[in-house]
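Accompanying notes for the structure given below.
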Amino acid sequence: MRLIQIMSCAVIGILLLLGLVGWPGETMTRMGNSSYPWRPAGWGTPGIDVLGRAPFAAEVYGDVAVDRRRGLRTERLVAERITDGSTAWLYENGWADDSLEPVRVDDRRIAAIWRDGRVSLIDVPDGRIVWQADLPPGPAHEANRAYDEEWAAAWEISVSMDGSVPLVVVLHDGRLDVLDGRTGAIRWSNPPDSSASCPTEKSGLDVRSAGETVLAFRHCAGEEPNVALSAADGRRLWGFDGGELWDARALGADRLASVDNNGALVVRRVHDGKVLWRASSAGLKDSSYGEAMGVSDELVTVRSKTAVAAYRIADGQVAWRRALGGTRDHTVLTDGVDAYVAEDATTLVKLDARTGRIVDRHRFEDDITPRWMRDGLAGIGVGTGDDVVIG
């Protein structure tokens with residue numbers, strides 16, 4: 001009897017301890033099925049219709065919005081339905097390690113990444129873990145375990161492509177690892193030189209993914225200049241100077257778009273870096289750079305201070321141009337059929353992406369920030385609150 005009492009006390013003590021520090025491991029809790037793809041009433045109509053709200057800057061998949069949150073004892077990803085705010089699933093890390101913002105891998109899956117090197121790929125509509133992987137420690141691993149705000153630049157997460165296969169690109173602890181999005185296996189790695197001239201708090205390397213290439217920006221004296229690497233296998237494609245390609249956008253068809261220091265729209269080949277065409281008339285010197293471009297199969301659409309213009313990806317010729325008043329936000333959202341831009345601080349304009357014809361206008365109650373467009377739906381930030389989902 002005494003042994004049973006001792007064992008019972010031990011079990012209770014362990015349970016209490018776990019209640020304080022969190023249960024070990026990572027858990028996925030599903031709370032019902034989602035609707036994917038989401039086709040709400042009003043979707044696909046010519047006018048701008050407000051269909052719902054999603055948490056600020058959340059990743060949206062059908063009617064599910066995924067947001068990172070910190071609980072009392074754990075880091076977690078919460079998937080909430082746009083339709084009624086109910087929870088679709090909850091993904092928790094029982095060790096309460098620091099996580100990074102999750103990254104969208106494709107139209108169904110999101111990657112959750114923790115600072116101890118754990119990576120989990122989640123199928124969002126099903127609330128299912130597809131694979132899990134562990135990144136090997138890099139040269140700055142021990143220092144980064146004592147993470148604080150000063151170390152934010154030590155991690156960069158993005159997604160590149162090898163044909164139709166997504167690749168999760170992770171710069172961490174002074175090491176670059178590229179994971180196959182189907183399996184989680186490491187495709188290739190690129191540890192930078194541990195040169196004494198590199199600052200101790202950074203790796204001396206920044207990376208940006210752009211379609212089928214990974215752009216590596218070097219900061220250490222004596223190293224090779226900035227280089228474009230093949231996302232498929234990490235081989236060097238070509239070198240470049242300066243920061244023009246920092247916000248480059250992949251256009252498909254072996255093309256990459258960027259904005260030069262004079263505000264010209266520049267398109268080059270991915271495999272060798274050769275400039276194919278340059279549109280000096282784009283007038284983007286004082287506008288947002290690459291991430292603000294709208295890209296579809298045939299056109300790249302940009303917003304300057306005074307106009308919206310669509311250029312043919314094949315040859316750089318202007319497909320259409322429409323004068324439009326000035327605004328602080330120059331983002332263009334497009335799926336090749338519709339395009340959304342801010343006309344002024346609070347007014348959103350919907351255009352026919354193929355002709356530039358204005359389809360509709362909608363005025364919001366606060367300043368707007370166009371954020372994303374997928375499956376015919378778009379997310380618009382309004383003030384400092386939630387994103388408004390329109391269609």
What length, rounded to one decimal in nm, is gained on full extension from Arg70 through to Arg363, with 0.36 nm per residue of separation minus their alpha-carbon distance? 102.1 nm
Can you list the aspartates and glutamates whose alpha carbon is less than 19 Å from that of Lys274, not counting same-chain residues fewer than 8 positions off? Glu212, Asp241, Glu244, Asp247, Asp254, Asp260, Asp315
Distance (nanometres) between label positions extended 7 Å along Cα→Cβ at Arg236 and Arg108: 3.9
In nanometres, what is the gap between the two model label sites at Gln132 and Glu291, each 7 Å from Cα along Cα-to-Cβ? 3.0
Mind checking the full-extension length gain between Thr183 and Arg321? Use 0.36 nm per residue of separation minus the Cα-Cα distance, one decimal, nm. 45.3 nm
Using a 1.4 Å probe over the heavy atoms of the protein chains, calculate the carbon and sulfur portion of the accessible area of region 205-255 as a whole percent. 44
To the nearest 0.05, the calculated FRET efficiency linking Asn261 and Ala314 through their beta-carbon distance, R0 being 25 Å, is 0.50
Fraction of accessible area attributable to carbon and sulfur, region 295-351 (%, probe 1.4 Å): 46
Spin-label point model (7 Å from Cα, Cβ direction): what's the Arg328 to Trp246 distance in nm? 2.0
What shape does region 213-300 take by its C-alpha gyration tensor, where a ≥ b ≥ c are the square roots of the eigenvalues and a/c under 1.5 counts as rounded, a/b above b/c as prolate, and the rest as oblate? oblate
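The values are calculated or read from the model by the stated rules, or taken from the named source; none is laboratory data. Keep in mind that what you see is a predicted model, and the values were worked out from it rather than measured. Ideal geometry is used to build each Cβ from the backbone, glycine not excepted, and the neighbour counts take in all protein chains shown. Surface areas here come from the heavy atoms of the whole protein model, side chains and all, with no ligands, DNA or RNA. Shrake-Rupley method; radii C 1.70, N 1.55, O 1.52, S 1.80 Å.
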